[in-house]
Amino acid sequence: MRRTSIVVFMVVATILISWLIMPDTMLNAEEKLKYCCSAQVFEAFETERLDAFTKATGIKVDLYIASSAICVNRLMNSFCDIASTARRLHYSHKEMGYMEIPCCRDPLAVITNAKSNISTLSKKQLREIFAGDITNWNQLMGPDQPIVLVIPGKDTGAYKNFHRFAMRHKDIRYDFMTYKSTMVMKAVECFPGAISFITKGAVLKLKAIKVIKIDGIPPTHKDYPLSQVFSFVTKGKPVGPAKAFINFVSSNKGKDIIKKRGMFPVQ
């Protein structure tokens with residue numbers, strides 16, 4: 001009986017020692033990041049960035065994609081470890097202990113169908129278009145073609161930011177509204193007279209879409225007038241996989257991915 005107890009003790013001790021000296025990479029392989037991601041942020045670069053993160057750390061990602069507002073709400077209800085958002089965090093959430101960690105400044109691109117012969121608009125013209133004051137492209141030296149206004153849902157970060165920065169809180173008129181911010185791209189592809197707005201990173205390789213300059217300035221320029229900030233949100237200080245992800249994003253490799261997609265790191 002005593003001999004059996006000694007054998008059992010030795011087996012347990014061996015397992016404990018093996019666990020204690022196990023390399024970090026092996027431990028990380030068992031970890032998982034529960035991530036609620038803004039649709040804009042995902043289309044901008046998350047496929048590439050999440051793949052690189054898992055490869056570098058061994059941490060797998062359980063991903064959920066929705067609007068910025070829904071992502072933050074899911075975090076508040078403990079459905080994820082971290083959320084990304086294209087909207088600034090409300091001050092009341094900060095008072096509740098939620099942390100906002102900006103990761104990049106993103107050009108909010110104005111897009112039209114690739115067949116459009118319009119290449120630049122002034123901020124004033126842009127406001128007049130989405131206010132419904134300009135309704136045909138021939139009013140802007142374009143073809144005699146009705147302007148089709150496509151906007152993302154009013155709860156999306158893209159809508160909120162465009163309403164604030166481009167419209168100066170003036171009412172936005174529209175012909176079509178999409179559920180997710182990134183769905184506007186498909187609508188603009190389908191309608192030759194369409195115009196909308198979306199993160200620049202989402203339209204880098206879409207040949208059916210044209211990105212419009214604002215006041216002659218392209219979204220790739222640092223002085224482009226329409227920009228939004230992508231941020232991470234956590235409950236309190238980030239820990240575990242969430243902290244590892246934020247550290248990766250702020251690393252040189254993470255910043256290179258941001259720059260590659262036409263955005264600007266802020267950390």
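Six or more apart or on different chains, Cβ atoms under 7 Å: show the pairs whose first residue is in segment 54-75 and at positive phi and assigned to a strand (DSSP E or B) and whose second is crowded, with 16+ Cβ neighbours inside 10 Å and at pLDDT 95 or above.
none
Please name all residue pairs, on different chains or six or more residues apart, with Cβ atoms under 6 Å, provided the first residue is in segment 233-249 and is assigned by TED's automatic domain parsing to the domain that holds Cys36 and the second residue is surrounded by 14 or more Cβ atoms within 10 Å (Cβ to Cβ) and small (Gly, Ala, Ser).
Filtered contacts from segment 233-249: Val233/Ala83; Thr234/Ala242; Phe248/Gly254.
In this structure, does Phe9 turn out to be modelled with pLDDT under 90 and either under 20 Å from Pro152 (Cα atoms) or assigned by TED's automatic domain parsing to the domain that holds Met185 (or both)?
no
Quick grid of which residues meet (1) at pLDDT 95 or above; (2) surrounded by 19 or more Cβ atoms within 10 Å (Cβ to Cβ); (3) more than 14 Å from the chain's Cα centre (by Cα); (4) over 27 Å from Leu121 (Cβ atoms):
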| residue | (1), (2), (3), (4) |
| --- | --- |
| Lys186 | no, no, yes, no |
| Ile195 | yes, yes, yes, no |
| Ile209 | no, yes, yes, no |
| Lys213 | yes, no, yes, no |
| Gly216 | yes, no, yes, no |
| Lys222 | no, no, yes, no |
| Thr234 | yes, yes, yes, yes |
| Ser251 | yes, no, yes, yes |
| Gly262 | no, yes, no, no |
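Which of the residues belonging to segment 213-223 are farther than 24 Å from Ser67 by Cβ and in contact (Cβ under 8 Å) with a residue 12 or more places away in the chain?
Lys213, Ile214, Asp215, Gly216, Thr220, Lys222
Every residue, every condition in (1) in contact (Cβ under 8 Å) with a residue 40 or more places away in the chain; (2) over 30 Å from Glu46 (Cβ atoms), yes or no:
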{"site": "Lys124", "(1), (2)": "no, yes"}
{"site": "Ile147", "(1), (2)": "yes, yes"}
{"site": "Phe165", "(1), (2)": "yes, no"}
{"site": "Asp171", "(1), (2)": "yes, yes"}
{"site": "Cys190", "(1), (2)": "no, no"}
{"site": "Ala202", "(1), (2)": "yes, no"}
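Report, by residue number, each residue of segment 111-127 that is part of a loop (DSSP other than H, G, I, E, B) and in contact with a Gly (Cβ under 8 Å, 6 or more places away or on another chain).
First, the residues of segment 111-127 that are part of a loop (DSSP other than H, G, I, E, B): 114-119, 122.
Residues satisfying the conditions are Ser116, Asn117, Ile118.
So which residues in segment 128-172 are in a strand (DSSP E or B), over 17 Å from Ala69 (Cα atoms) and out of contact with any Ser or Thr (no Cβ under 6 Å at 6 or more places or on another chain), if there are any at all?
Asn136, Pro146, Val148, Leu149
The values are calculated or read from the model by the stated rules, or taken from the named source; none is laboratory data. This is a predicted model, so every value here is computed, not measured. No Cβ is skipped: glycine too gets one built from the backbone with ideal geometry, and neighbour counts run over all protein chains shown.
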